[in-house]
Amino acid sequence: MTIQTNAYGSSTATTTHTPTSRSSNETHPSFDAEMYSDPEMRPYLKAYYEKAYAPMRERIAAMREEGYEPIRVENPDGSITTGFTADQYEAGIPDFDSWLEGQQTFIPRLRESVETSLEHAQRSLEYTEANHPDTQSDVRVVFSNGDRILGYLYKNGGLVTHDVGSYMRTFNDQADQLGLRGQARVDYVTDAVSRRYPDVDISRYNNQNAPTRREFSEQWYSNHNVEEAYQLRLEQARSNLARQEELYRRQQNNIREMHDFLLGLMEQTQQT
């Protein structure tokens, strides 16, 4: 019998080995989902299942022995929240076959979700760091009336308006219907506003002369502290990355623990 394990890193590698050997690159191994429907693996998986839920079963037994009564908490609205009973905790433990099914279907999706979230958090921090207040903004058109801003367009065609400029949303909706994106969308909305509202002041920018984020904020949003807002975004991006890294680390530790436990049992079986 062979077992597929995946090594997670900047790329995913797959190695094949027998139960008594260990791959040199299996830093973060993960068994293939088909393992959970393999009859030969069933006794080993059953042993891991019992080990995993043993602490919870012991706690439930202690609750019953101690005559534990669920805590009742009165909420601000007068409703009552009651904690779980020992029976309810026990009912939450899946039977072995349900656990196997979950490992084969839900768990792989959960692992993929954690990895995807980590990648998104990394990219978000990189984007935030690369787009500080003194980098060029993505603003390509500003609609104004004197010193009052009505709205503006990003280079991807996204439109931001204030209440006084909400009428421009009509042209934005038309661009949606036409399926316009990017510069074509910017041109369409700008030309429509120019024709329909000639009194609106229109400032156009390109990749060479677009204002920095700081310049744009200081000109049109003088009450907005662009540096403070940036530092807050940076802190949030870093905190989010730290959370996702911790979730990923825990996930990989769990994978490694299962891998080592199963291989240890299989090696013991072969030696007897």
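The values are calculated or read from the model by the stated rules, or taken from the named source; none is laboratory data. What you are looking at is a predicted structure, and each value in this text was computed from that prediction instead of being measured. Here Cβ is always computed from backbone atoms with ideal geometry, including for glycine, and neighbour counts include all displayed protein chains.
Quick rundown of the values:
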item: Breaking point among (1) assigned to a helix (DSSP H, G or I); (2) at pLDDT below 95, for GLN236; result: (2)
item: Conditions (1) in contact (Cβ under 8 Å) with a residue 12 or more places away in the chain; (2) within 30 Å of MET41 (Cβ to Cβ); (3) of a type outside the set (Phe, Trp, Tyr); number of the one not met by ASP97; result: (1)
item: Strands (runs of 3 or more DSSP E) completely within segment 90-189 that count 1 or more residues being of a type in the set (Ser, Thr, Tyr) and closer than 26 Å to ALA237 by Cα; result: 148-154
item: Single condition ASN223 does not satisfy, out of (1) over 14 Å from the mean Cα position of the chain (by Cα); (2) part of a helix (DSSP H, G or I); result: (2)
item: Residue count, segment 191-220 (criterion: surrounded by 12 or more Cβ atoms within 10 Å (Cβ to Cβ) and either β-branched (Val, Ile, Thr) or not in a strand (DSSP E or B) (or both)); result: 20
item: Options LEU180, LEU159, LEU153, LEU118: the member that is surrounded by 12 or more Cβ atoms within 10 Å (Cβ to Cβ), assigned by TED's automatic domain parsing to the domain that holds ARG250, modelled with pLDDT of 95 or more and of a type outside the set (Lys, Arg); result: LEU118
item: From TYR44, TYR68, TYR48, residue being on the phi < 0 side of the Ramachandran plot, touching a helix residue (DSSP H, G or I) at 6+ places or on another chain (Cβ under 8 Å), surrounded by 11 or more Cβ atoms within 10 Å (Cβ to Cβ) and free of Cβ contacts under 8 Å to residues at least 40 places away in the same chain; result: TYR68
item: Enumerated strands (runs of 3 or more DSSP E) restricted to segment 1-75, each holding at least 3 residues that are within 22 Å of MET258 (Cα to Cα) and modelled with pLDDT under 90; result: 3-7, 13-17
item: Filter result for the condition that a residue is among the charged types (D, E, K, R), touching a residue at least 60 places away in the same chain (Cβ under 8 Å) and touching a helix residue (DSSP H, G or I) at 6+ places or on another chain (Cβ under 7 Å), over GLU227, GLU245; result: GLU245
item: Qualifying residue in segment 228-239 (condition: outside the structural domain of SER117 (by TED's automatic domain parsing), hydrophobic (A, V, I, L, M, F, W, C), surrounded by 16 or more Cβ atoms within 10 Å (Cβ to Cβ) and closer than 26 Å to GLU129 by Cα); result: yes
item: Residues within segment 191-204 that are closer than 10 Å to MET168 by Cβ and either touching a strand residue (DSSP E or B) at 6+ places or on another chain (Cβ under 9 Å) or among the small types (Gly, Ala, Ser) (or both), tallied; result: 4
